[in-house]
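The block underneath contains the structure these notes are about, expressed in structure tokens.
The values are calculated or read from the model by the stated rules, or taken from the named source; none is laboratory data. Everything numeric in this text was worked out from a predicted model, so none of it was measured. As a convention, Cβ positions derive from the backbone with ideal geometry for all residues, glycine included, and neighbour counts pool all protein chains shown. Just so you know, the surface numbers come from the protein's heavy atoms only, side chains and all, with ligands and any DNA or RNA stripped out. Shrake-Rupley method; radii C 1.70, N 1.55, O 1.52, S 1.80 Å.
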Amino acid sequence: MSNKSYHSPVGGLPPQSQLTSGRAVFTDAYCVIPKGVMSDIVTSNLPFWEGSRSWVLSRPLSGFSESFSHYLTELSPSGGSARPETEQGIEHVLFVVEGEVELTLLGEVKKLGEGGYAYLPSDADWQLWNRSKGRAVFHWIRKYYEVVEGIDIPSAFTANEKDITPDLMPDCNGVWATTRFVEGDDMRHDMHVNIVTFQPGGVIPFAETHVMEHGLFVLQGKAVYLLNQDWVEVEAGDYMWLRAFCPQACYASGPGPFRYLLYKNVNRHMPFPKGLRT
């Protein structure tokens, strides 16, 4: 598990000679955004951010996945924000894939390098800056925190993937493992953002079909991934966005590990539409 790498986008614009056809897919059940789509002209600017741009990979979308948004954000030197979030009640996960960022949390400064992870609860006061001389790139996952009476809001924390021992899945001969930043039975958390690793030849041996929405960014390697009824080839830099109950499985095709950053919503009852509430 020591051979870790993290894909980050290079931006730019394809030449006029390039064919328009590609691997991008959007269906009622899933979406695939391949790395080649992440060019300069599809980035977004965000309020109160300086020297930054974001590739918006997913967003709440009625009738599709509705629980989260996922950005891949690039910071130029001296870029960042003293007011990163403009909405109330939003929790965050940050995961750094290139360079180093400086996170100020409750007045304390923490440096997050590659593999660095931060959970920021909905009431956190935080800032983020790139104080280095090179660019920094990080994943930023946002979710409206689902408050439950009698359950505390989680505390903020930082970690690094390299310091966490992955959990091996049972009966898999070590080919399938998950790096967990939060314990699965910690009911304070209503989302998990983990890293899943398959060694070459490793598989999800059945079509997972469950209520959790997913966002999967391929950090390393390649695989053939089952999305609904379609087998799709994916590689480092690709993003998959799955709505609830979309069947999924995968086969890690090698030659190296296949690794992805995974979002899923957990530990809460299923909400009813407002019109059905009494």
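Note down the net charge around residue 151, summing +1 for each Lys or Arg and -1 for each Asp or Glu among other residues with Cβ under 11 Å from its Cβ.
-3
Using only the Cα atoms, work out Rg/Rh for the chain, with Rh taken as the Kirkwood radius, to two decimals.
0.95
Rounded to the nearest whole Å², what accessible area per residue is found for the chain with the 1.4 Å probe?
Solvent-accessible surface per residue comes out at 50 Å².
Taking the C-alpha atoms of the range 10-152, how large are the radius of gyration and the largest Cα-Cα span, Dmax, in Å?
When restricted to Cα atoms, the range 10-152 yields Rg and Dmax of 16.6, 60 Å.
Got the relative contact order for the chain handy, in percent, Cα pairs under 8 Å and 6 or more residues apart?
18
Would you mind classifying the range 89-227 by shape? Square roots of the alpha carbon gyration tensor eigenvalues, ordered a ≥ b ≥ c; an a/c under 1.5 is rounded, otherwise it is prolate if a/b is larger than b/c and oblate if not.
Judged from the Cα gyration tensor, the range 89-227 comes out oblate (a/c at least 1.5, b/c at or above a/b).
State, to one decimal in nm, how far the label point of residue 211 lies from the label point of residue 132, with both points 7 Å from Cα in the Cβ direction.
Reported label-point gap for residue 211 and residue 132 is 4.1 nm.
Where does each of 231-238, 151-158 land if you order them by average Cβ count within 10 Å, highest first?
Sorting 231-238, 151-158 by mean packing, highest first, produces 231-238, 151-158.
Rank-order 137-150, 164-177, 43-56 by packing density, defined as the average count of other C-beta atoms within 10 Å over each peptide's residues, highest first.
137-150, 43-56, 164-177
Cβ neighbours within 10 Å, averaged per peptide: list 121-128, 84-91, 205-212 in order, most packed at the top.
121-128, 84-91, 205-212
Measure off 7 Å from each Cα along the Cα-to-Cβ vector at residue 233 and residue 104, then give the distance between these two points in nanometres to one decimal.
If labels sit at residue 233 and residue 104, their model points lie 4.8 nm apart.
Assign unit charges at the C-beta atoms only (+1 for Lys and Arg, -1 for Asp and Glu), then state the dipole size of the range 141-229 relative to its Cα centre in Debye, rounded to the nearest 20.
In total the dipole reaches around 480 debye.
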